[in-house]
1. Mind checking the dipole of the stretch 189-301: about its Cα centre, +1 per Lys or Arg Cβ, -1 per Asp or Glu Cβ, Debye to the nearest 20?
2. Under the definition of Cα pairs under 8 Å and six or more residues apart, what whole-number percent is the relative contact order of the chain?
3. Taking the Cα atoms of the stretch 189-301, what is the range of coordinates along each of the three principal axes, in descending order and whole Å?
4. Quantify how much of the Cα-Cα distance distribution of the stretch 194-242 extends past 11 Å, in percent.
5. Putting +1 on Lys and Arg Cβ atoms and -1 on Asp and Glu Cβ atoms, find which of 326, 267, 160 reaches farthest to the positive end of the dipole of the chain.
6. Please list the three semi-axes, largest first and in whole Å, of the ellipsoid equivalent to the stretch 311-354, using sqrt of 5 times the eigenvalues of its alpha carbon gyration tensor.
7. Tell me the mean residue ellipticity at 222 nm calculated for the chain from its helices only (DSSP H runs of n ≥ 4, each -39500 (n - 2.57), averaged over every residue, nearest 500).
8. Round to the nearest 0.05 the FRET efficiency obtained for residue 293 and residue 332 when R0 = 41 Å and r is the Cβ-Cβ distance.
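Please treat every number below as a calculation from the coordinates, not as lab data. Computed from a predicted structure; not experimentally measured. Cβ coordinates were reconstructed from backbone atoms using ideal geometry, including for glycine residues, and neighbour counts include every protein chain displayed.
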Amino acid sequence: MTDFLQEAKSLFTYTQSMRRDFHIHPELGFHEVRTGGIVAKELESLGLEVTKGVGKTGVVGLLEGSKPGPTILLRFDMDALPIVEDTGAEYASENHGVMHACGHDGHTAMGLTVAKILHKHRNELAGTIKFCFQPSEEGYNGEEMGGAQMMIRDGVLDGPKVDHTLSMHLWNEKPVGWVGVAKGPVMAGAEQFTIKLIGKGGHGAAPYTTIDPIMTAAHIITALQTIVSRNVAPLQSAVVSVTTVHSGTAFNVIPQEAELTGTIRTFDLDVRKKVLERFDQIVRGVAETMGCKVEINMQRVTPAVINNDEVAASVQRTARDLLPDSQLDTSSYLTMGAEDMAFMQEKVPGCYFFIGSNNKEKHLDYGHHHPKFDFDEEALIRGSALMAAAAADMLK
C-alpha cells in the first residue's frame, strides 16, 4: 500500500513554502490573480490540462488515470479576508488590510501538494481527478454569487461530468491530530437578512409625537431570540443573530428609520422553514404593534453542507488506515459555520472533512477570522496525505 503520509512528509518543505508565499500575498475573493497564476503554473508543470478563469479567477486542472473510471473533484479555496493581520509572523501579510485568517492559504498549498502526489501515482488510478481551485468562498455580499456558484455556472461539474467531490478545511477549533469525517450534515445553511424600519422622527424630548424605530428595533431583537428557545426542539439546531443596528445621527433626535442585519443558520430543511416563518411573523407583528412600517430582505447564502453516507464512509476507512494515531471523529460533528461547497454537494455526492490544526503550546489557537489566526503547519502534512489517499482509494 502506498504510504501517502510519508510522501506528504517528504513534500512538506514545498507545501510550507507555498503556504507562506500565499500568506504573504493574500488576495480577496475574485481578485486571486497572483494566487491563481501560481496555481496554474504549478499544475501545468506537472503536465495537467489546465483551464483558467473558471468562475472569474478559479483554476481547474485535470489529471487522467491510466484506466477509465469516475471523475472526482477535489476543491481547494484560495481567497483571503479583509482583516488587518496581527500575528507578528515572519510570513505576515504584506497586503495591508487583507489576511489569510481562515486557512485558505494552507488549503491552496495542500491542493498543489496533492496534485504532485497523485500525478506520481496516475498509472494506478482508474478515473479522472479534477483539481478545483476556487475563488471567493468568503465573498458572498448579497448581490453576487460566491465562487462555488460561479464555477458551477462556468461548468466545473461538467466536461468531464463529476461523479463525487472531496473537500476539507483546516480547523483551529481542534488540535493537530484530530480529524473529523462525519456522515450527513456537517456545516449549516445560512441566510442573510436586512430589516428596515420606517417610523416617524422627532425631538428626543417629545417621544410621544414620534413613532420610534429604535424602540421597535429593540423589541424585535429581543423577540427574535424566542424563535430558537421556543420554536425549535432542543435536540435540533438553529441560530438567529442580529449583528448590526444602524440608526440615528444625534443624541436629541429620534430618527425616522432604523436598519438591522444578521444571519440565520440551520441544518434541517423543516427547521429552516419554521424559523423563516416565525422570523417573518415576529418582525412584521412587532413592527405593526409599534406603528412602524417594515421591509424585510432575506437572502439565502448557502444551503447546509451534507455529506453523502457512502463517500464519507470511504474517507473514514482511508483515515483509519492512513492515520491510525489520529483522533478520528466520525460522530455527527457539526458547526454553524457555512460553506459554499454546499452548492456543489447539492448536485454531486461528496464528503467535506476537517483537519485539526491548532497547537496551544505554540500559541496557535486563535479562532478563524481573528487577526491573530495562524495554525500549526504540521496539519498540512496530514491534510495533504488524507486528501490524496482518499481520492486514490476511490479510484482503485
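1. Values: 11 positive and 10 negative charges, 35 e Å.
Dipole of the stretch 189-301, to the nearest 20 debye: 160 debye.
2. On the way: 933 pairs, mean separation 94.8, N = 396.
Reported as a whole number, the value is 24 percent.
3. For the stretch 189-301, the Cα extents along the three principal axes come out at 47, 23, 19 Å.
4. Values: 852 of 1176 pairs.
Of the Cα pairs, 72 percent sit more than 11 Å apart.
5. 267
6. On the way: eigenvalues 98, 36, 11 Å².
Rounded to whole Å, the semi-axes are 22, 13, 7.
7. Working: 10 runs with 136 residues, N = 396.
Helices in the chain give a 222 nm mean residue ellipticity of -11000 deg cm²/dmol.
8. Values: r = 43 Å, r/R0 = 1.05.
The formula returns an efficiency of 0.45 here.
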